[in-house]
Amino acid sequence: MYIRLGFRPNYGKRKRGGFLQVRDIMNPHVVSIDPTESAALAARLAWHYPHGAEVELPSKLTATQLKGRALDEEVAEAAVRPPRPIRLGRPRFAAEEFGLTPAQKGTALHLVMQYIDFERTERVEQVRAEIARLVERAFLTPQQGEAVDQAKVAAFFASPLGRELMASTSLRREFKFSILVPAADYYPQAGAEEQVLLQGVVDCCFETLEGITVVDFKTDRVDRRSVAARAEEYRPQLAAYSRALEEITGKPVIRRCLWFFALDQAVDV
């Protein structure tokens, strides 16, 4: 072991009386180091921060990040993480000329479900009038209003799930939440005392005498064969919604339901 006393150590070393001696070229004095001190110094140089894993933990987690989370992390453990690509938004003139993208159409449909008057949704004509009202009041752009399939909206309210929602006396839309939860519930490497802020927005939830039903609207492209597998991917997301609602309201969540507009179908998870 060498100790740098000047610019460069002398590579000749001697031992006297059990002590390690190091001579510096720039300084002729000999420094003796006790073996015990040498071991202590080596231990200090080899020290690692015991909470390094916690340093890498995010302080915030959103419910939508939980979709497919277990599989994604398992695959990514041994993979090189590529740099995040730069995504440019689609110009407004492109939407006006070429129409909305599937993602933009999904956003438009979610906006309708957020702002539409549920009392005026019994018939397609009423839904059409409500969408026109939202466009007039600038909740939607004209392109968004044209992109929404009014029949799909009406089909939801005509379904058993839609009728149950309409019969509820306690209904919430776009319910935002932020709660502290044990980080180990989502990050196995986290310590027992670590917490993470879980945030999210519940599309819709309503109460019955038995408890709360969570409804999440989905515009995914699915068919009868793939819908069950796709719904399963959203299970962690809805579990997070349920956890937050139960903690905030003190009431049990009895049902977690996805509504797929592509099939006019409800799937419980």
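We did not get these values from a lab; they are worked out from the coordinates using the rules stated. All values reported here derive from a predicted model rather than from experimental measurement. Glycine gets a Cβ as well: all are built from the backbone with ideal geometry, and neighbour counts include every protein chain shown.
So, counting K/R as plus one and D/E as minus one, what does the shell of residues with Cβ under 13 Å around I254 add up to?
-2
Between K60 and A40, how high is the FRET efficiency from 1/(1 + (r/R0)^6) when r is the Cβ-Cβ distance and R₀ = 35 Å? Nearest 0.05. Taking R0 as 35 Å, the efficiency between K60 and A40 is 0.30. Quick one: net charge of R120's neighbours, Cβ under 12 Å, K/R +1, D/E -1? Taking every other residue near R120 into account, the sum is -2.
Projected area of the stretch 154-222, taken from the Cα convex hull and averaged over every viewing direction, in nm²?
Approximately 7.2 nm², given one-decimal rounding.
Ranked by the mean number of other Cβ atoms within 10 Å per residue, highest first, peptides 155-161, 191-197, 37-43 order as 155-161, 191-197, 37-43.
Its Cα gyration tensor gives the stretch 118-269 an equivalent ellipsoid. The semi-axes, each the square root of 5 times an eigenvalue, are 31, 17, 17 Å from largest down. Using C-alpha pairs below 8 Å separated by at least 6 residues, the relative contact order for the stretch 157-269 is 23 percent.
Two decimals is fine: what is log10 I(q)/I(0) at q = 0.32 Å⁻¹ for the stretch 215-263, from a Debye sum with one equal scatterer on every Cα and no solvent? Debye curve over Cα of the stretch 215-263, log10 I(q)/I(0) at q = 0.32 Å⁻¹: -1.22.
Please give the peptides 173-185, 105-117 ranked by average Cβ packing (other Cβ atoms within 10 Å per residue), highest first, as a rough proxy for protection.
105-117, 173-185
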